[in-house]
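S.K.: Shown below is the structure under consideration.
Read-outs throughout are calculated quantities, based only on the coordinates presented, and are distinct from any laboratory measurement. This one's a predicted model, so the numbers in the text were calculated from it and none came from an experiment. Cβ placement follows ideal geometry from the backbone for every residue including glycine, while neighbour counts extend to all protein chains displayed.
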Amino acid sequence: MASVDASGGGIVLSRLSKSYGQVRAVRSVDLVIAPGETVALLGPNGAGKTTTIDMVLGLTRPDEGTVLIFGVPPAAAVRAGWIGGMLQAGSPLDHLRVRELVTLMASYYPNPLPVDDVLRLTGAAEFAAQWTTKLSGGQAQRVRFATALVGDPDLLVLDEPTAGIDVGGRRDFWQAVRAIAERGKTVVFATHYLEEADAYADRIVLIARGRIVADGPATEIKGQAGSRTIRATLPGVDVASLGALAGVVSAERHGDTVILSCSDADTALDALFGTFRGVRDIEVRGGSLEEAFLQLTTDEDSADTEEGVR
Amino acid sequence: MTGATHLRYEILRTVRNRRFFAVTLALPLVLFYAIASANRHARTDGISFPLYFMTGMAAYGAMFAAVSPGGRIAADRARGWTRQMRITPLRARTYFAAKVVTAYLAAIPALILLCLAGASLGVRLTAAQWLEMAGLLLVGLAPFIVMGIILGHLVAADALAPAVGGLVVLFALFGGAYGAFFNTGAMLTVVKLLPSFWLVQAGKAALVVGRWPAEGWIVVAAWTVVLVLAASLAYRRDTGRA
């Protein structure tokens, strides 16, 4: 967990809640994001990611709780030009060419980046003279990214930015995001693509049914969901003594191969080496993020039947 | 200057919308020539018929042109662009000011074109009369500009064209832009409460003394104030701001 002086920088969500009728989209979310962090809001559809993002951007008023962006409410941060956003399902303004649209967006901000630099960074330069209504899905996404970036905001908020984009386009997109993050910008993105959260975020905030169910680096989240598996070749060992090792939940053996399911693989490995000699062909398999995701988003309050909304 | 660039692109987007000009310029022009040229030597309401009909069609075209830019908010909304703009430092008042200026600028070609058409059928006015006519028309357009903004916030993008078209035609009809069908008795009292009645009168005020009494100012101002209040409610409802 990042810890940050709540009065100073970063993004601070306190007891943030929002309901739509009977549906509690976001339920008492507390979250602190330090300046310069790249954070993924990961969760299934309807988990409350977009509602959370809309409240961070000041587009939706929370029922309860507060949002502070670098110490001020969202509306003030927006007016100061600190925020750049890519919203879900937007399409660029019509009757404009790509360069004109990005120029228009730049004019709203006090210290915008040079339009040509942004067009180049986002890969939109090659179709800068095209009408905004004549773009492919991938091109439109680049243009929307360019409009989010051109104001040189300190906080970049991306709501499912790569939905419907092909693999190559995604990789280019995330490379550009990484370039932005390396300049010290704070990046918050919502996604339901596990690989993206895993590969591009410093930290993953896992959301399910309007609540944060896990929060930390990808490796920690995987660990939090429990099992890592150790496979090794270790002839002639009693299964019961393997199962009794510290950090091991259960053990199996198939011939000379032993398979240990671990709650703490590091401790288990120490115990394994400390107790037995001649351990070979060690292989530690992380629980995948997918396993963690499924476990954490379905186990948690499974008695709760309420459905979230986007 | 954020406002200046925004206004420049807002105007550019309007100018590039060819369908918009087809409706706001071509329609009143065609109606004018079709009807006025056949009656060019007739007299109506104390003035020559081409002049009479020119003012009506100028009011009609200008009304259409003035409602349309606000109505385009519906398209921006459908594209998710009003939300996008709300997370930029662009102020709502700058956005609406640009809409109003654009609407006025959009109405001017319709006015000029109809005046030229009028002149081509023998309408002759002094420079002062042209200026007074244009000035009062711009005043009379104010409620229609705000009406466009309300429609843009309340009506879905695909329903906007018929909504704008229908509303403008009704206002034009009852206001007397096509001819004074309702200028008698109780009906006159009612139509005098319409802003379009005064918009049509604005065209004639420079020619016939007494066509723009205090009542004109009051009706136009009242509509404008009420519509501005309604527009701010529509905007708040639309954007979820309490």
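S.K.: Indicate the gyration tensor shape class of the protein assembly as shown (rounded, prolate or oblate), computed on the Cα atoms with a ≥ b ≥ c the square roots of the eigenvalues: a/c under 1.5 is rounded; otherwise a/b larger than b/c is prolate and the rest oblate.
M.R.: Details: a/c = 3.56, a/b = 3.04, b/c = 1.17.
Judged from the Cα gyration tensor, the protein assembly as shown comes out prolate (a/c at least 1.5, a/b above b/c).
S.K.: Shifting gears a bit: Quick one: compute a quarter of the convex hull surface over the Cα atoms of segment B:133-182 and quote it in nm².
M.R.: Working: hull surface 16.2 nm².
So the Cα hull casts an average projection of 4.1 nm².
S.K.: May I pose another question? For B:Arg16, what charge total do you get from the other residues with a beta carbon under 13 Å from its beta carbon, if Lys and Arg give +1 and Asp and Glu give -1? Walk me through the intermediate numbers first.
M.R.: Working: positive: A:Arg97, B:Arg8, B:Arg13, B:Arg18, B:Arg19, B:Arg72; negative: A:Asp94, A:Glu100, B:Glu10.
Result for the local shell: +3.
S.K.: Same structure, new question: So what is the relative contact order for segment B:72-155, in percent, with contacts set as C-alpha pairs under 8 Å and at least six apart? Write out the running numbers ahead of the final one.
M.R.: Working: 22 pairs, mean separation 52.6, N = 84.
Worked out over segment B:72-155, it gives 63 percent.
S.K.: Next up: Over segment B:11-161, what is the relative contact order in percent, taking alpha-carbon pairs closer than 8 angstrom and at least six residues apart? Numbers along the way, then the final one.
M.R.: On the way: 166 pairs, mean separation 53.8, N = 151.
Taking the mean separation of contacting Cα pairs over the length of segment B:11-161, I get 36 percent.
S.K.: Measuring from the lowest to the highest alpha carbon on each principal axis, how far does chain B reach, largest first, in angstroms?
M.R.: Rounded to whole Å, the extents work out to 58, 37, 32 Å.
S.K.: Of A:Leu194, A:Thr50, B:Asn17, which is farthest along the charge dipole of the protein assembly as shown in the positive direction, counting Lys and Arg as +1 and Asp and Glu as -1 at C-beta?
M.R.: Of A:Leu194, A:Thr50, B:Asn17, it is B:Asn17.
S.K.: Right, next: Shielding of B:78-86 by partners, i.e. mean partner chain Cβ atoms within 10 Å per residue? Let's see the in-between values first.
M.R.: Working: counts 1, 8, 7, 8, 1, 8, 12, 4, 7.
That works out to 6 on average.
S.K.: Is the shape of segment B:98-198 rounded, prolate or oblate, going by the alpha carbon gyration tensor and its root eigenvalues a ≥ b ≥ c, with a/c under 1.5 for rounded and a/b larger than b/c for prolate?
M.R.: On the way: a/c = 1.93, a/b = 1.22, b/c = 1.58.
It comes out oblate by the Cα gyration axes.
S.K.: I would also like to ask the following. I'd like the per residue volume of the convex hull spanned by the Cα atoms of chain A, given in cubic angstrom.
M.R.: On the way: hull volume 49.1 nm³, N = 310.
With only Cα atoms used, chain A gives 158 Å³ per residue.
S.K.: Would you list which lysines come within 22 Å of B:Lys192, measuring only between C-alpha atoms, while excluding same-chain residues fewer than 8 positions from it?
M.R.: B:Lys192 reaches B:Lys204.
S.K.: Follow-up. For B:Lys204, B:Lys192, what ranking results if the residue with the fewest other Cβ atoms within 10 Å of its Cβ goes first?
M.R.: Taking fewest neighbouring Cβ atoms as first place, the list is B:Lys192, B:Lys204.
S.K.: Any idea what the dipole of chain B comes to, in debye rounded to 20, about its Cα centre with Lys/Arg Cβ at +1 and Asp/Glu Cβ at -1? Present the calculation step by step, with values, prior to reporting the outcome.
M.R.: Details: 22 positive and 7 negative charges, 155 e Å.
In total the dipole reaches around 740 debye.
S.K.: Let me ask you something else. Which listed residue (B:Pro89, A:Ala181, A:Val248) has the Cα farthest towards the positive end of the charge dipole for the protein assembly as shown, taking +1 on Lys and Arg C-beta and -1 on Asp and Glu C-beta about the Cα centre?
M.R.: Comparing the listed Cα positions along the dipole, B:Pro89 ranks first.
S.K.: Sticking with this structure for a sec: Which pairs, out of A:Lys49/A:Lys222; A:Lys18/B:Lys99; A:Lys49/A:Lys185, put more than 29 Å between their alpha-carbon atoms? Write out the running numbers ahead of the final one.
M.R.: Values: A:Lys49/A:Lys222 20 Å; A:Lys18/B:Lys99 33 Å; A:Lys49/A:Lys185 21 Å.
Going by Cα-Cα distance, A:Lys18/B:Lys99 fall outside the 29 Å limit.
S.K.: How large is ³J(HN,Hα), in whole Hz, for each residue of segment A:139-150 in order, when computed from phi with the Karplus curve 6.51 cos²θ - 1.76 cosθ + 1.60 and θ = phi - 60°, using x for Gly and Pro?
M.R.: These are the phi-based 3J(HN,Hα) values: 5, 4, 5, 5, 5, 5, 5, 4, 5, 6, 8, 5 Hz.
S.K.: From Cα coordinates alone, what are the radius of gyration and Dmax values for segment A:227-286 in angstrom?
M.R.: Expressed in Å, the Cα Rg and Dmax of segment A:227-286 come to 9.7, 26.
S.K.: Show me, for segment A:68-83, the HN-Hα J-couplings you get by feeding each phi into the Karplus relation (A = 6.51, B = -1.76, C = 1.60, θ = phi - 60°), rounded to Hz, glycine and proline as x.
M.R.: Listing the rounded values in order: 10, 10, 6, x, 10, x, x, 4, 5, 5, 5, 4, 6, x, 7, 10 Hz.
S.K.: Go through segment A:234-244 residue by residue and turn each phi into a ³J(HN,Hα) via Karplus (6.51, -1.76, 1.60, θ = phi - 60°); whole Hz please, and just put x for glycine and proline.
M.R.: Each residue of segment A:234-244 in turn: 8, x, x, 10, 6, 4, 4, 6, 5, x, 8 Hz.
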